[in-house]
Amino acid sequence: MAASCWAFASAAAIEGLHKIKTGELVSLSEQVMVDCDTGSFGCSGGHSDTALNLVASRGGITSEEKYPYTGVQGSCDVGKLLFDHSASVSGFAAVPPNDERQLALAVARQPVTVYIDASAQEFQFYKGGVYKGPCNPGSVNHAVTIVGYCENLGGEKYWIAKNSWSNDWGEQGYVYLAKDVWWPQGTCGLATSPFYPTV
């Protein structure tokens with residue numbers, strides 16, 4: 001998949017917040033961020049915070065149905081960016097970095113975007129279970145959306161993260177990342193720079 005994970009992570013966070021606030025789950029447009037976020041690089045990589053800022057500055061975001069994902073950066077459809085909104089967002093906020101306790105408080109309220117190091121082959125071919133590495137927490141290169149956390153029967157605590165690599169990957173599109181590890185950045189650097197949308 002093209003490196004538009006930052007847009008997918010941001011859209012998933014807004015979708016989750018919209019569902020919490022309205023009870024309605026709407027698939028939102030990643031493509032509007034890919035095309036219109038001048039602070040990112042389309043399918044060559046980008047930043048969840050600038051994507052959330054774009055949506056917040058326009059007051060909302062259009063639906064996937066009205067502005068579908070193409071996998072390539074195109075010209076920005078300004079009309080849909082400005083006026084055709086299926087979910088509203090007023091701002092975004094950062095979770096204090098390198099603090100899993102603060103991250104848990106945020107995730108208890110709503111989904112949160114995080115950056116991780118996803119370059120290890122073990123991560124690329126993850127099939128299930130609690131992922132503890134290998135990865136380099138100081139070298140994040142991929143965005144996912146943390147939607148919750150849990151503890152299994154063996155007492156292992158983990159974050160539940162939604163990935164953008166299709167439902168065939170991992171646990172039906174999700175990865176379980178070890179929680180409350182001893183290094184401050186968290187597993188694969190997940191605690192280094194979390195963001196969430198606000199209404």
Legend entry - In the range 149-199, residue surrounded by the fewest Cβ atoms within 10 Å (Cβ to Cβ) [restricted to those that are out of contact with any helix residue (DSSP H, G or I) (no Cβ under 8 Å at 6 or more places or on another chain) and of a type in the set (D, E)]: D168
Inset, instruction - Output the residues belonging to the range 114-131 that are part of a loop (DSSP other than H, G, I, E, B), open to solvent by 30 Å² or more (accessible area, probe 1.4 Å) and not charged (D, E, K, R). - result: S119, F125, G128, G129
Inset, instruction - Take P134 and decide whether it is over 20 Å from N53 (Cα atoms), surrounded by fewer than 16 Cβ atoms within 10 Å (Cβ to Cβ) and in contact with a helix residue (DSSP H, G or I) (Cβ under 8 Å, 6 or more places away or on another chain). - result: yes
Inset, instruction - Taking the options A93, A7, name whichever one is touching a residue at least 60 places away in the same chain (Cβ under 8 Å) and under 21 Å from Y196 (Cβ atoms). - result: A93
Inset, instruction - Within the range 154-187, count every residue that is part of a helix (DSSP H, G or I) and under 14 Å from A9 (Cβ atoms). - result: 0
Legend entry - Of residues in the range 3-56 being part of a strand (DSSP E or B) and open to solvent by 30 Å² or more (accessible area, probe 1.4 Å), the one nearest to V140 (Cα to Cα): A3
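The values are calculated or read from the model by the stated rules, or taken from the named source; none is laboratory data. This structure is a prediction, so every number in the text was calculated from the model and none was measured. With ideal geometry, Cβ positions are generated from the backbone for all residues, glycine too; neighbour counts draw on all protein chains shown. Just the protein is used for accessible areas: all its heavy atoms, side chains included, with ligands, DNA and RNA removed. Shrake-Rupley method; radii C 1.70, N 1.55, O 1.52, S 1.80 Å.
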